[in-house]
Structures are given as structure tokens and as C-alpha cells.
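The values are calculated or read from the model by the stated rules, or taken from the named source; none is laboratory data. Because the structure is a prediction, the values reported are computed rather than measured. Virtual Cβ from ideal backbone geometry, glycine too; neighbours counted across all protein chains shown.
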Amino acid sequence: MKIERTLCKVLGYLAAIAIIAFGFALSGKWTYLHSVGRIAVIEPIQGHTVHRLRSTTTYKAVFHFTTETGAKVVRTRSFPEELLPDLEAGKPVRVIYDPDKPRDFMLEGEPPSWIAVILGGFIMLLLLWRLS
């Protein structure tokens, strides 16, 4: 019984640490792109998909843009709901892309995602409270 509880605690902490590390990696990518990234304007999207799962809604679209060097980039990815009106209206939306890997881009105005860090911290606090 004690071994199972200890094992559960250790695995929980490892999972929480992994989630926190993933969150910091995502926010690091945001910082990196803002420091070295180049800006391009995406072409108007040809529609988008909406995925609903309980209380979460995810929007996805195929984004097309051309880099400074003339390379064409096409990639499907999710985007925040706040950009939906501009994308549907065909307004210019800018992306910040990595000049070495243009498929790594983010939409301008997209905030860094701290959700994974917060979730990992919450799991760790929950484990401390429940398994102590």
C-alpha cells in the first residue's frame, strides 16, 4: 500500500514536471520567434474547421504565405478565436516565421501559451495536497 502510494506520487510529480517543461518550451518558441522571426502576410483563407470538445473550441485553417526569399509556405494549424473575424473578412493577418524553418510560424498577436505551465503546477499542487 505504501509503495503504491509512493509510486503514484513519483509518477504524478514526473508527469507534472513534464507538462511544465513542455509549457516552458512552447513559451520559449514564442520568445525565439519574436526575436529572430520575419513577418509575412497570409493569403486569405479558404474557410476553416471548428472542433468542439466539451467546453473547448478549436479553430483550424490552411495558411498560405510567401517568405522574404520567395518560398511558398502552406500549413494547416489552429488559431485563436480572436482572429476569426479578421480571417473570415479576408483582412490582412501577419505571421511571424522562423527564417530557417518557415513552417514554424505563429500568427501575429497570438499570446504565449502558459496553459501547460499552469496545468502542470496545478497537478503538482494537487498531488502535494492529496498525497502528503
Scan the stretch 87-106 and give yes if some residue there is modelled with pLDDT of 85 or more, in contact with a Ser or Thr (Cβ under 6 Å, 6 or more places away or on another chain) and either in a loop (DSSP other than H, G, I, E, B) or exposed (fewer than 11 other Cβ atoms within 10 Å of the Cβ) (or both), otherwise no.
yes
Looking at F79, F65, can you tell me which residue is closer than 14 Å to F105 by Cβ, among the hydrophobic types (A, V, I, L, M, F, W, C), in contact with a helix residue (DSSP H, G or I) (Cβ under 8 Å, 6 or more places away or on another chain) and at pLDDT 85 or above?
F79
Index of the failed condition, H51 passing every other in (1) loosely packed, with under 12 Cβ neighbours inside 10 Å; (2) assigned to a strand (DSSP E or B); (3) at pLDDT 90 or above:
(3)
Examine the stretch 29-41 for a residue that is at pLDDT below 75, touching a Phe, Trp or Tyr at 6+ places or on another chain (Cβ under 7 Å), surrounded by 12 or more Cβ atoms within 10 Å (Cβ to Cβ) and assigned to a helix (DSSP H, G or I), and state whether such a residue exists.
no
Near pairs, Cβ below 8 angstrom, 6+ apart or cross-chain, from the stretch 1-20 (in contact (Cβ under 8 Å) with a residue 60 or more places away in the chain and assigned to a helix (DSSP H, G or I)) to any residue that is loosely packed, with under 15 Cβ neighbours inside 10 Å and not β-branched (V, I, T):
R5/L131; C8/L131; K9/L131; G12/L131
